[in-house]
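> Provided herewith is a single structure, encoded as C-alpha cells, for subsequent inquiry.
The values are calculated or read from the model by the stated rules, or taken from the named source; none is laboratory data. Note that the structure is predicted; figures quoted are calculated from it, not measured. Positions of Cβ are backbone-derived with ideal geometry, glycine not excepted, and every protein chain shown enters the neighbour counts.
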C-alpha cells in the first residue's frame, strides 16, 4: 500500500485526531497503488469553502492579556497554512482537524457585512475599536474571492467606526482607498505580522501568505498613505527566528512603521503536533535544539496557558528575548504606541433592514 501522499504548498502534512473524540478519516490508498496520477492529485488538496450562517459576527473578548475587547472574524480556518498558528484548535469545534483541515476547509461568514452593520446600528453599541481579525487572517487568499473584509470596512467607513486590522498579507493594500479615508479621521490602525526576513523560511513555515519583502512593502505603502501601522514580530520561535529580532525591527523602521510588538510562540493543544511535525520535516537539523529552547521558555513544557505568561514565556531565555526586543525597539523608536483611535465621530449606520436608530 502506498504511503499517504505529502500535500504540496500546505503548512501541515497531517490531520491529528480531533480532541473531542470525533471520527478521524484516513484515506484508503490500496486501490490507488500504481496510479501515479491519482496519487499526485491527492498531493494537491483543493480548498473547500463552506458557508456559515451565523447570527452574529462580533465577538467580545474577556482575556486580560489581549489588547482589544471586540473582534470580527469573517472566516474560520485559514488558507495561509502557518504551521504554528494558535487558532488551529478552533477548527475542532466544527468537527474538523486542526491540521490539514484547518487550511483546506474554510468556513465563510457570507453574511458578515450585514451582521456587522446590524451590530453597529444597535442602540446598545457604544463605539470603541473593533479588531479585524482576532483569530484567523481577514486578508487570507479567500478574501480575494469573497470580499468580506472590504465590505465590512465599507460599513466602518459609513459609520466612522474605529478599526484595528491584524494581518500578514499584503492584500491589505487592495483596500488602501478605504483605509486612507478612515485614517483621515484617526479611525484605523494596521498591524502587520513579520515572522522572519528569510524568504525561504517564510515560504516553508507560512506557505500561502505574502513574502517578507511584500509585507514590508505594505508597511511602506500604508505609512506613505498616512495610515498608522505597526509590526508584530510574531511568533518569536526560540532557536529559529529570535536572532532576527534586531534586523526585523530595523527593516520595519526603514519601511515607516510607527511601533512594534512581539509574541512568543504558543503551542496550545493540537497546535503542538502540527508544528513539531513541520519542524522535524523542514528543519530536521535544528528540530532538537528548537524544541529544547521552546521548553526552556515554557517551564519545561511545550505550552503555558496562564494569562500573561502565555504571550511572553518565563525563565532566563524568555527574559533575554524580551530584553533584546526592548533594546532594539527603543533604538529604532518603535517602543511607543500608535496614535489613539477616535471614537467620537461614530454615526450609527442604517441596519440591514434600512432602519436607523430613533435617538
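> Just to verify a result, which residue in region 300-326, among those that are out of contact with any helix residue (DSSP H, G or I) (no Cβ under 6 Å at 6 or more places or on another chain) and closer than 30 Å to residue 183 by Cβ, is modelled with the lowest pLDDT?
Checking each candidate, the answer is 311.
> So, in region 180-190, exactly how many residues are assigned to a helix (DSSP H, G or I) and either at pLDDT below 95 or touching a helix residue (DSSP H, G or I) at 6+ places or on another chain (Cβ under 7 Å) (or both)?
Total satisfying the criteria: 2.
> Could you grab me the full set of residues in region 190-205 that are within 15 Å of the chain's Cα centre (by Cα) and farther than 19 Å from residue 249 by Cβ?
Within region 190-205, just 205 meets the criteria.
> Anything in region 191-228 that is out of contact with any helix residue (DSSP H, G or I) (no Cβ under 9 Å at 6 or more places or on another chain), crowded, with 23+ Cβ neighbours inside 10 Å and in a helix (DSSP H, G or I)? List them, or say none.
none
> Could you count how many residues in region 98-129 are surrounded by 23 or more Cβ atoms within 10 Å (Cβ to Cβ), touching a strand residue (DSSP E or B) at 6+ places or on another chain (Cβ under 8 Å) and farther than 11 Å from residue 75 by Cα?
Total satisfying the criteria: 1.
> Would you mind telling me which numbered condition in (1) in contact (Cβ under 8 Å) with a residue 40 or more places away in the chain; (2) surrounded by fewer than 24 Cβ atoms within 10 Å (Cβ to Cβ); (3) under 17 Å from residue 233 (Cβ atoms) residue 169 fails?
(2)
> Okay, next question. Filter region 316-349 down to the residues that are surrounded by 15 or more Cβ atoms within 10 Å (Cβ to Cβ), in a loop (DSSP other than H, G, I, E, B) and out of contact with any strand residue (DSSP E or B) (no Cβ under 6 Å at 6 or more places or on another chain) and list them by number.
332, 335, 341, 342, 343, 346, 348, 349
> Has region 146-157 got at least one residue that is surrounded by fewer than 20 Cβ atoms within 10 Å (Cβ to Cβ), touching a strand residue (DSSP E or B) at 6+ places or on another chain (Cβ under 7 Å), touching a residue at least 12 places away in the same chain (Cβ under 8 Å) and not in a helix (DSSP H, G or I)?
no
> Return only the number of the condition from (1) assigned to a strand (DSSP E or B); (2) at pLDDT below 95 that residue 107 does not satisfy.
Going through the list (1) assigned to a strand (DSSP E or B); (2) at pLDDT below 95, residue 107 breaks only (2).
> Here's something else I'd like to know. Just one of (1) under 21 Å from residue 233 (Cβ atoms); (2) assigned to a helix (DSSP H, G or I) trips up residue 267, so point out which.
(2)
> Of (1) assigned to a helix (DSSP H, G or I); (2) within 19 Å of residue 71 (Cβ to Cβ), residue 164 satisfies all except one. Which?
Among (1) assigned to a helix (DSSP H, G or I); (2) within 19 Å of residue 71 (Cβ to Cβ), the lone unmet condition for residue 164 is (1).
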